[in-house]
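Asks: One structure is given below, represented as structure tokens, and several questions about it will come after.
The values are calculated or read from the model by the stated rules, or taken from the named source; none is laboratory data. From a predicted model like this one, the values you see are computed outputs, not experimental measurements. Backbone-built Cβ (ideal geometry, glycine too); neighbour counts: all protein chains shown.
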Amino acid sequence: MNANNIIQVAAGKGRTVWLQNLLTELLPQLNQPSTDYQTWFDSLIEVMEHRGLTQPTQQKDYLSDVRNAIKVLDLDHPALEFVNFDTSTWVQINNRASDRLGERKTKSIDNPDAIVQRATTLLGSYQWSEIAAGLAVLTGRRCTEVIKTAQFEFKTKYSVIFTGALKRGDEPVECVFEIPTLCEAQLVIEAIVLLRNQLGQEIQDLSKKTS
């Protein structure tokens, strides 16, 4: 496949005609030694803003298309390091999405304090399944995430930075959330360490069973 054909295939990753045309014009620049990748990315964002896509939440899907197009040129293209939002921007995007999802799924429950107290007690259990159940309740994350992929970093007394979300589709970077915890965040962090220590090499098999 010659260079022009590769550009056309890459540009086809764009979800709209205007983006495909823009990629056809801009992608060849990425293979020129004189190209400054950060300037290239800034120009891309300016085009989006001129089209009324002024917020990162509006730009993110188009950015995903652009990154996929670059990967057609080279899966490890050095431009990928620059053609991306920073972590703080992705946190804001994902938090907004989580807030909207939470609003749609909010349901009242009876005696929530008792549920939280019971879940907190489970964090100190000698049974890995009880620790996982407690963490799922206290963080709102799925059991598969808790067992295998979840990573929690202390943020505030009652919140953590969470990475390891599953089924995020074609996200260009790993999703990062600040999530509230229903108990002190330090208890959650200690419990996830305890859970992983108890599971050891069983994590891979267990995660498949709970997927």
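Asks: Restricting attention to region 63-90, report how many residues are surrounded by fewer than 17 Cβ atoms within 10 Å (Cβ to Cβ) and of a type in the set (Val, Ile, Thr).
Replies: Number of matching residues: 2.
This table checks each residue for (1) part of a helix (DSSP H, G or I); (2) touching a Leu at 6+ places or on another chain (Cβ under 8 Å).
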residue	(1), (2)
10	yes, yes
14	no, yes
24	yes, no
29	yes, no
38	yes, no
41	yes, no
47	yes, yes
52	no, no
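Asks: Do we have residue 167 as of a type outside the set (Asp, Glu), surrounded by fewer than 12 Cβ atoms within 10 Å (Cβ to Cβ) and either at pLDDT 90 or above or over 25 Å from residue 84 (Cβ atoms) (or both) here? Working first, answer last.
Replies: Working: of a type outside the set (Asp, Glu): yes; surrounded by fewer than 12 Cβ atoms within 10 Å (Cβ to Cβ): yes; either at pLDDT 90 or above or over 25 Å from residue 84 (Cβ atoms) (or both): no.
When the stated conditions are applied, residue 167 does not pass them.
Asks: I'd like to know if region 51-65 contains one or more residues that are among the small types (Gly, Ala, Ser), without any contact (Cβ under 8 Å) to a residue 12 or more places away in the chain and under 30 Å from residue 96 (Cα atoms). Give the steps one after another, and end with the answer.
Replies: At the first step, the residues of region 51-65 found to be among the small types (Gly, Ala, Ser) are 52, 64.
If we keep only those that are without any contact (Cβ under 8 Å) to a residue 12 or more places away in the chain as well, we get 52.
Add one more test, that the residue is under 30 Å from residue 96 (Cα atoms), and what stays is 52.
Scanning region 51-65, I find at least one residue that is among the small types (Gly, Ala, Ser), without any contact (Cβ under 8 Å) to a residue 12 or more places away in the chain and under 30 Å from residue 96 (Cα atoms), so the answer is yes.
Asks: Let me confirm something: among 47, 17, which residue is among the aliphatic types (A, V, I, L, M) and under 27 Å from residue 88 (Cα atoms)?
Replies: Just one listed residue meets the conditions, 47.
Asks: Another question, then. Restricting the search to region 54-85, which residues are in a helix (DSSP H, G or I) and farther than 18 Å from residue 15 by Cα?
Replies: Within region 54-85, 78, 79, 80, 81 qualify.
Asks: Hey, another quick one. Scan region 137-150 residue by residue and report those that are assigned to a helix (DSSP H, G or I), modelled with pLDDT of 90 or more and more than 11 Å from residue 191 (Cβ to Cβ).
Replies: 137
Asks: Given the criteria touching a Gly at 6+ places or on another chain (Cβ under 7 Å) and modelled with pLDDT of 90 or more, does residue 80 qualify?
Replies: No: the conditions fail for residue 80.
Asks: Consider residue 88 carefully, then state whether it is within 17 Å of residue 14 (Cα to Cα) and hydroxyl-bearing (Ser, Thr, Tyr).
Replies: When the stated conditions are applied, residue 88 does not pass them.
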